[in-house]
Amino acid sequence: MSQENNPYPYEPEFSLKKLIDDRIGDLKYILQFKKALVAALIAGGLLGAFAAWYKPPTYTARLTFVVDDSKSSGSASGLSALAGQFGFNLDGLGGASGVLAGDNIEALIKSHKLIKNTLMSAYDSTQTLADRYAEVNKLSKKWLKYSPDDKIIRFPLNGQHNTRLQDSLLHEMTILILDGEFEIAKTDKKLGFFEVNATMKDEKLALLFCNRMIKQSTDFFIKTKTKRLQDNVDRLRLRADSIGRVLNHKTYDVSEASKTILDLNPAYTSANANIEVKDRDKIVLSTVFSETVKNLEASKTMLAQETPTVQIVDEPELPLTKNRLKYTVGIIAGLILSVIAFSIFKLTTRKKLD
């Protein structure tokens, strides 16, 4: 039984000359509709100008800070800086390894918890940053349909017990902020400088949000880095105060006992023994108190050495950088998009007609 071989479908060879000729032909075809093309250009330019006029401006608050951690200045810091020139991160080799070491600071500052805490701070005497953000971005009207009492959703200052609806709106605002409105990056991989940008539609809102985000982040960062040592200092301080009070009572007891022994009959030796016991207790307490105070001062020194310093280098100042779509950019973009749309439409309809 013979089997018929099916021939492969014909595929024309690729020709650069033919490709260029086809594109030239498309261009000549489009230029046949000069009046329609001019009308499309005019419409595109007008739309671009309208977009530049209609789009509200934004304001960018820029802040630069540096983190000076004593633990990160060890012997491996030079190696880390050298490796950073080649795109490698060796922060974990030094003493700065940990949850808040190196690039983890960027993830900390962009955490949802800190953003929500910042939004719950005051914008002015009547509203919070969350209230103002929802108003500027028209989220108040958008979420009005979900309000059970048909009132605009408001956020109490430093509110700790938000409703489910408030938390949902706060979560949406956080997502919008992280989606291009708030950014942090290292200005140089070899240095410890960080630059924070907050771009929003309200100038005061951008300024307050940027400053307070850094304040929240630095406080959390320092508290986390020094929590163990701070707890130890607090414990030793409490113990030293307690022992000091007991030692004061013992001192007064010994003094009172010394007065009464002067009038006693020498035959009664129990009074002398009582004074010796109290004096011995005082000496023991004095020794314990001295050692506790010594440990307390040593712990304070360690706490001071281990506490990182977050220094603000450049702060945002009013007036902030104003970002606005220029009319020239809008008109040029409108012209280009109108030509592209007109060309695609005409070429598509020609193929259908063919």
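Here is a yes/no grid of residues against (1) of a type outside the set (A, V, I, L, M, F, W, C); (2) more than 33 Å from the chain's Cα centre (by Cα):
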residue	(1), (2)
THR301	yes, no
VAL310	no, no
THR328	yes, yes
THR349	yes, yes
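If you filter the range 169-211 down to residues that are open to solvent by 60 Å² or more (accessible area, probe 1.4 Å) and either modelled with pLDDT under 90 or of a type in the set (Gly, Ala, Ser) (or both), you find that the one that is farthest from LEU119 (Cα to Cα) is LYS190. Counting only residues that are among the hydrophobic types (A, V, I, L, M, F, W, C) and open to solvent by less than 70 Å² (accessible area, probe 1.4 Å), which one in the range 314-331 is modelled with the lowest pLDDT? The residue in question is LEU325.
Among the conditions (1) touching a strand residue (DSSP E or B) at 6+ places or on another chain (Cβ under 8 Å); (2) farther than 30 Å from ASP68 by Cβ, SER125 misses just one, which is (1). A single member of ILE243, ILE214 is at pLDDT 85 or above, more than 30 Å from ILE312 (Cβ to Cβ) and in a helix (DSSP H, G or I), and it is ILE243.
Listed by first and then second residue, the pairs with beta-carbon distance under 6 Å, at least 6 apart or on different chains, first residue in the range 275-303 and among the polar types (S, T, N, Q), second at pLDDT below 85 and open to solvent by 60 Å² or more (accessible area, probe 1.4 Å), form an empty list. If you go through the range 169-201 and keep only what is over 20 Å from SER217 (Cα atoms), in a helix (DSSP H, G or I) and among the charged types (D, E, K, R), you end up with just GLU172.
In the range 150-168, the residue that is least open to solvent (accessible area, probe 1.4 Å) out of those that are part of a helix (DSSP H, G or I) and among the charged types (D, E, K, R) is ASP167. So how many residues does the range 85-140 have that are over 22 Å from ASP219 (Cβ atoms), open to solvent by 30 Å² or more (accessible area, probe 1.4 Å), at pLDDT below 90 and in a helix (DSSP H, G or I)? Residues in the range 85-140 being over 22 Å from ASP219 (Cβ atoms), open to solvent by 30 Å² or more (accessible area, probe 1.4 Å), at pLDDT below 90 and in a helix (DSSP H, G or I): 3 in total. Could you go through the range 332-346 and let me know if any residue there is within 34 Å of the chain's Cα centre (by Cα) and open to solvent by 50 Å² or more (accessible area, probe 1.4 Å). No.
The values are calculated or read from the model by the stated rules, or taken from the named source; none is laboratory data. Since this is a predicted model, take the numbers as computed values, not measurements. All Cβ positions, even for glycine, are placed from backbone atoms using ideal geometry, and neighbour counts span all protein chains on display. Quick note on the areas: whole protein, heavy atoms, side chains included, nothing else; ligands and nucleic acids left out. Shrake-Rupley method; radii C 1.70, N 1.55, O 1.52, S 1.80 Å.
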